[in-house]
Amino acid sequence: MHSHNFYDVTVWAAEHQLDVFADIGAVINAIIAEIKQRQAQVDVKDGGKPGATIFIPAGDYHLKTQAVIDVSYLKIVGTGHGFTSSSIRFNTTPDEIKHWHEVWPGGSRIINDLPGNQADEAQGAAILVERSGNPRLSSLEFENFCIDGLHFVADASGRPDVENTYENGKTGIYIASANDSTRITAMGVVYCEHGITICDADALTIDNNFIAECGNCIELRGSGQASKIANNLIGAGYKGYSIYACNFGGLLIAANNIFPRGKSSIHLSHVTRSNITSNRLHSFYPGMLILDQGSSENLVEGNHLLRDHEPWAPMQDYDNGLKDNFGMVVISGDNNSVIANHLSQCIDAQYLKFPAGSDPRPVAIKVQAGSGNFIATNHIVGTTTQTAESKALASACFNTQVAALLTTQQLQALPMLHVVVTAEACANTVLDCGRAEELSIDLSANTVRALP
Amino acid sequence: MHSHNFYDVTVWAAEHQLDVFADIGAVINAIIAEIKQRQAQVDVKDGGKPGATIFIPAGDYHLKTQAVIDVSYLKIVGTGHGFTSSSIRFNTTPDEIKHWHEVWPGGSRIINDLPGNQADEAQGAAILVERSGNPRLSSLEFENFCIDGLHFVADASGRPDVENTYENGKTGIYIASANDSTRITAMGVVYCEHGITICDADALTIDNNFIAECGNCIELRGSGQASKIANNLIGAGYKGYSIYACNFGGLLIAANNIFPRGKSSIHLSHVTRSNITSNRLHSFYPGMLILDQGSSENLVEGNHLLRDHEPWAPMQDYDNGLKDNFGMVVISGDNNSVIANHLSQCIDAQYLKFPAGSDPRPVAIKVQAGSGNFIATNHIVGTTTQTAESKALASACFNTQVAALLTTQQLQALPMLHVVVTAEACANTVLDCGRAEELSIDLSANTVRALP
Amino acid sequence: MHSHNFYDVTVWAAEHQLDVFADIGAVINAIIAEIKQRQAQVDVKDGGKPGATIFIPAGDYHLKTQAVIDVSYLKIVGTGHGFTSSSIRFNTTPDEIKHWHEVWPGGSRIINDLPGNQADEAQGAAILVERSGNPRLSSLEFENFCIDGLHFVADASGRPDVENTYENGKTGIYIASANDSTRITAMGVVYCEHGITICDADALTIDNNFIAECGNCIELRGSGQASKIANNLIGAGYKGYSIYACNFGGLLIAANNIFPRGKSSIHLSHVTRSNITSNRLHSFYPGMLILDQGSSENLVEGNHLLRDHEPWAPMQDYDNGLKDNFGMVVISGDNNSVIANHLSQCIDAQYLKFPAGSDPRPVAIKVQAGSGNFIATNHIVGTTTQTAESKALASACFNTQVAALLTTQQLQALPMLHVVVTAEACANTVLDCGRAEELSIDLSANTVRALP
């Protein structure tokens, strides 16, 4: 007797006269119903409910029925994350597209055909995880398949470039109830307004995924603890978060490469005693890393942050609305550590925006409120691209991140305000982050050692 | 002809009239015997012994015979790490449990039914790896299955809460002989006294596993070099190590989220030229990170360490016995680097323990012995939870790590001794880790720059 | 109907009367031809070209025809990275080998039998990826198989130890054309002159691979952006790079364990705004980390670097030709950050080489050219092994990295030049990296704070 606990969706659907390519959601739900029927006893010989694996071979699978998971130990696994840039494709002319090899994402690809619901992101989720009672759902695993929201749609403004709106009310995976030891790895999510949203996570792993061209990429909501977001390639739209978490303790955000756009690259709200270490963050706007709502005792360390100007024509009309005195890194909270980071801002003066009367230098690190923050040995570099060579390079390239290739030798210095501690903050320590004239800090209320 | 080198344990066992659910160990051993018979020639056309894959679909598999591996290139792979909190379950009343959806771990789950042997942990291992002669065993891979020790049992004290003892003489995987390029990924191990124990490792990978509620989680014994423990979620019992290594050079411990309890989160004994970087460590006791036995030239950098008080009633009677002058980080060795870490201690005065006559401040970093250690730009934060809001939060929550959610605004300052260098140590350098009164260092024997 | 998009090479080859063990390259090409025929339509119901998976069970597969990939979303996946040390095997006497259990690498092993071509490394690649037109190839995935170059061959000098030359004109995977979201994970590559070479990468992932005993391991050529090399075990030959990248922006190199030998451990040429964080680097020669050709605004942080002397007799005649005034870390570029690293050099005086008249101290960090570099809180440790205990340890061990196990207590101090800023460089900042006598910096042209 071989195991009943491994389901190839194409095999099982064929056996049950279901068309998995027309609606994989209905097939997944039917499989889960069978699993629950077969694994009904809570305890048989020290076991009874081991869960099962749903295997999705490479293919295009429409989803017209939301898949709903309410059993522990379910693994859904495909054989390809399948990302391609739909954003480039939708901003390429029909004439050029004619000659393209392929136009859609691929791999083990779930096409989210749900109507989408901006008011309730759970409604528009291809996969919804929810269960009441005890214990929490344990050890759900999602691995190496693709969830594609297909199109963005017009927002209220009725603008013509609807595919650039990052809005469609669709979600990749929404976990609504408390969960333990969930594992999301090697996934691809594209063109969903919300990529992965997880409420009330404990010991969560989000590792080595590719979540890009989504309105928001990863959102940890409710509350949570002791989790890990690492080794991912991520980039949200200009209205959303690449990584957001709230009410969390012990979150490790490490070794992610977070590219534009993203209203924020990382936004932590009321998050405590967590790490943001060894990441690479790239943004086109101020406010790329925000700790607010009393986020305390976090460590921001060993990260590379780059802010430059949107180089891609189709997106140059849009930004997150923040001005350049806002700060690249902004803290409202206590006892945080910002140590050994590199912050680069490479932008030409005509793109900088300031409130009337403000210091005309962009801000790197700002302590908006709070005390006991420790900001040491961060290296802050400002440059402008006003040279012939750099302009030529920028205009020659098709993609969105070309400015990252310009070297300092092709640039000129841009004066920056390295660290600002506002009057609302006191008793903070700032060491070796800039010369005296590059700091805006009340020396009587804070401890400062400027560079000579 | 298709490959003979892929074994689904359920298919192969059925073909051979074996009950894999009753004893998967006997099935694995029989498969290995077949592999060795089929792959008997050392060199046939530039090959001959490629190994094989043993596939374990989701299911509950009892193991009554120890699985013994003595061939290279064997991969055992399942489809789910299957962790659930047995600790919460065993500390829940029978009445409440009645209504639970499930009570046991799941996924591809091996239930270790061996008798257990505390005197010889290899004896109680579900999987034992051992081979004499040359070369060393190469490229064993263990991936994405669960090993469950099922129960902890009474220790000598005969205490009633046997399931909280973290003792049963059972081990998940024990590698007894020298090995090269072993790979342990996406595994789950639960309720074993020893999770993964590996002797004489070279170029080992332990990545992205979930090893928790084990007496000890990861132990590297004998000696070893050039290995990696990264991206894991780990948490040992109050008697054991979350990560232990001895006689090792070039060990990279990075981006792990190590939660309580753990006698130590990381204990390195005679380990040299290794990294502990970008981890998050959380412990309920002093001594959470120990480098001893002359551990030298290691880099402890970019880690977040939190020590607070055990909030969970069932475990509040137990700790590791160390007093608060012991130190959160303790070094006996030379030329180590402790740079750019954040250390938080959040604990109320009544829980602190000191030897008679000692300084009544808990110690963050202690150089117990050695010279040439370099301790710079670490941020140390002490707080107490003595506010109404924080007490309410702590009492309202069921899980073990709630204090991590308290923000500094809900706390009061706790004076700490930031760095202690004992009289046995000299010629160490301590920079920017605290104000003069927060340091206990002989300034004539060491180099110190205090914060102003 | 089950999916047609999953190919077991052994099953498909048998169905098509092909011998996959004699030439897996021909089988892969035939499968790709079938995929292209089946997936010919660019857009059918929002999809049409999802790609496919080629599954390689464990086994020895000769490759006599280069596999050529020109479709997106193709995944090639095996069940074992299969590394073993061919270097130890080829330096063991035939008498000893007689008693070995196995002599070749294993797992899902592709034996690259192509003739090899040192003039054109694409020609000698087991797998060549190339496609013209648009869009770029997306989401190729290579996972958990082995590519073995089998033998190194004599170089021009006609030396007898041909297996130590690291030259054979063979490549594991060569990606020749622009590609997006490629994923290379859990692979093994051994005894190829070039392991993985990728041109024009965007959003590339190279994670958790084992690429060792190759002439070069990972080379990113052409240009590229927003990519990640993380969690790998890597070690090149004495003539090659462990990691090389050029013309790249936003490369994250994190948590790799890079062992000897490697002409350089990491060499970045005209690379900007990238991270080298949380790695462990071990080398036997100077020049282990090089940023040149105007590499700018990069962050080198939280790494452990060890340089010691080649302990293994068969390789002691070879090195990379650099002298000890070259530097362990060498920068020619602007505005880079080198913060919070640990650098150890453990070597006896008789092995050090200097140009006539130069300072007889080996150099740790050198700014060869450039301005605005920020070098802070790096800990530099020099030792020699001239004690009886350490000599005994070194002579007793068979492997290549024993010196890493010596503790400082077994060593004596070796004076080092901690930081050198040459006369070609100016306006750099060096803080807390050594005492005044350990720095060679023009204080009038740079900002320096020496340790007291």
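Could you please tell me which pairs satisfy a Cβ distance under 8 Å, a separation of 6+ or placement on different chains, a first residue in region C:92-121 that is free of Cβ contacts under 8 Å to residues at least 24 places away in the same chain, and a second residue that is among the charged types (D, E, K, R)? Pairs found: C:97/C:89; C:100/C:89; C:101/B:49; C:101/B:131; C:102/B:49; C:103/B:43; C:103/C:89. The residues of region B:422-437 that are closer than 19 Å to residue C:377 by Cβ and either open to solvent by less than 30 Å² (accessible area, probe 1.4 Å) or in a loop (DSSP other than H, G, I, E, B) (or both), listed by number, are B:427, B:428, B:429, B:430, B:431, B:432, B:433, B:434.
Restricting attention to region B:37-78, the residues that are open to solvent by 50 Å² or more (accessible area, probe 1.4 Å) and within 14 Å of chain A (Cβ to nearest Cβ) add up to 1.
So which residues in region A:273-302 are among the charged types (D, E, K, R) and open to solvent by 10 Å² or more (accessible area, probe 1.4 Å), if there are any at all? Lay out the reasoning, then the answer.
Here is the first cut: in region A:273-302, the residues among the charged types (D, E, K, R) are A:273, A:280, A:292, A:297, A:301.
The one that is among the charged types (D, E, K, R) and open to solvent by 10 Å² or more (accessible area, probe 1.4 Å): A:292.
Do we have residue C:87 as among the small types (Gly, Ala, Ser) and in contact with an Asp or Glu (Cβ under 8 Å, 6 or more places away or on another chain) here? Answer is yes for this residue. Strands (runs of 3 or more DSSP E) fully within region C:21-109 that include at least 1 residues being among the β-branched types (Val, Ile, Thr) and either touching a Phe, Trp or Tyr at 6+ places or on another chain (Cβ under 7 Å) or closer than 24 Å to residue B:140 by Cα (or both): C:52-56, C:74-78.
Condition first: closer than 30 Å to residue C:99 by Cβ and either in a loop (DSSP other than H, G, I, E, B) or small (Gly, Ala, Ser) (or both). Can you find one or more residues in region B:168-177 that meet it? Yes: region B:168-177 contains one or more residues that are closer than 30 Å to residue C:99 by Cβ and either in a loop (DSSP other than H, G, I, E, B) or small (Gly, Ala, Ser) (or both).
Taken over region C:193-213, the criterion of being closer than 19 Å to residue C:88 by Cβ and either within 14 Å of another protein chain (Cβ to nearest Cβ) or over 12 Å from the mean Cα position of the chain (by Cα) (or both) is satisfied by C:210, C:211, C:212, C:213.
Restricting attention to region A:236-255, does a residue exist that is under 10 Å from the mean Cα position of the chain (by Cα), of a type in the set (S, T, N, Q) and not in a strand (DSSP E or B)? So far as region A:236-255 goes, no, none of its residues is under 10 Å from the mean Cα position of the chain (by Cα), of a type in the set (S, T, N, Q) and not in a strand (DSSP E or B).
Please find, among C:188, C:250, the residue that is within 21 Å of residue B:46 (Cα to Cα), of a type in the set (Gly, Ala, Ser), in contact with a His (Cβ under 7 Å, 6 or more places away or on another chain) and at pLDDT 95 or above. Even if it seems obvious, please write down each step before you answer.
Values: C:250 fails: within 21 Å of residue B:46 (Cα to Cα).
C:188 is the lone residue from the list that is within 21 Å of residue B:46 (Cα to Cα), of a type in the set (Gly, Ala, Ser), in contact with a His (Cβ under 7 Å, 6 or more places away or on another chain) and at pLDDT 95 or above.
How about region B:320-381: which strands (runs of 3 or more DSSP E) wholly inside it have at least 3 residues that are within 14 Å of chain C (Cβ to nearest Cβ)?
Working: elements: B:329-332, B:337-339, B:342-346, B:363-371, B:374-376.
Fully inside region B:320-381 and qualifying: B:337-339, B:363-371, B:374-376.
Among the residues of region A:130-169, the ones that are among the polar types (S, T, N, Q), touching a Phe, Trp or Tyr at 6+ places or on another chain (Cβ under 6 Å) and more than 28 Å from residue B:80 (Cβ to Cβ) come to 2 in all. Scanning region B:168-179 for residues that are open to solvent by less than 10 Å² (accessible area, probe 1.4 Å) and either closer than 21 Å to residue B:138 by Cα or within 12 Å of chain C (Cβ to nearest Cβ) (or both) gives B:172, B:173, B:175, B:179.
A count restricted to region A:256-272 and to residues that are open to solvent by 10 Å² or more (accessible area, probe 1.4 Å) and within 12 Å of the chain's Cα centre (by Cα) stands at 5.
Could you list all residues from region C:79-101 that are of a type outside the set (Val, Ile, Thr) and within 8 Å of another protein chain (Cβ to nearest Cβ)?
Answer for region C:79-101, where residues must be of a type outside the set (Val, Ile, Thr) and within 8 Å of another protein chain (Cβ to nearest Cβ): C:80, C:81, C:82, C:83, C:85, C:89, C:96, C:99, C:100, C:101.
Taking the criterion of being modelled with pLDDT under 95 and within 29 Å of the chain's Cα centre (by Cα), no residue of region A:31-70 qualifies. Filter region C:90-113 down to residues that are over 16 Å from residue B:41 (Cβ atoms), of a type outside the set (Val, Ile, Thr) and open to solvent by 10 Å² or more (accessible area, probe 1.4 Å) and give me whichever is modelled with the highest pLDDT. If we take residues in region C:90-113 being over 16 Å from residue B:41 (Cβ atoms), of a type outside the set (Val, Ile, Thr) and open to solvent by 10 Å² or more (accessible area, probe 1.4 Å), then C:113 is modelled with the highest pLDDT. For region A:256-286, filtered to residues that are assigned to a strand (DSSP E or B), within 10 Å of chain C (Cβ to nearest Cβ) and free of Cβ contacts under 8 Å to residues at least 60 places away in the same chain, the residue that is farthest from residue A:308 (Cα to Cα) is A:277. Among the conditions (1) farther than 21 Å from residue A:204 by Cα; (2) more than 14 Å from chain B (Cβ to nearest Cβ); (3) more than 12 Å from the chain's Cα centre (by Cα); (4) surrounded by fewer than 24 Cβ atoms within 10 Å (Cβ to Cβ), residue A:305 misses just one, which is (4).
For region C:121-149, give me each residue that is part of a strand (DSSP E or B), open to solvent by less than 10 Å² (accessible area, probe 1.4 Å) and of a type outside the set (A, V, I, L, M, F, W, C). Within region C:121-149, C:138, C:141, C:148 qualify.
The values are calculated or read from the model by the stated rules, or taken from the named source; none is laboratory data. Everything numeric here is computed off the predicted structure, so don't read it as measured data. Cβ atoms come from the backbone with ideal geometry, glycine included; neighbour counts cover every protein chain shown. Ligands, DNA and RNA are excluded from the accessible area calculation, which covers all protein heavy atoms including side chains. Shrake-Rupley method; radii C 1.70, N 1.55, O 1.52, S 1.80 Å.
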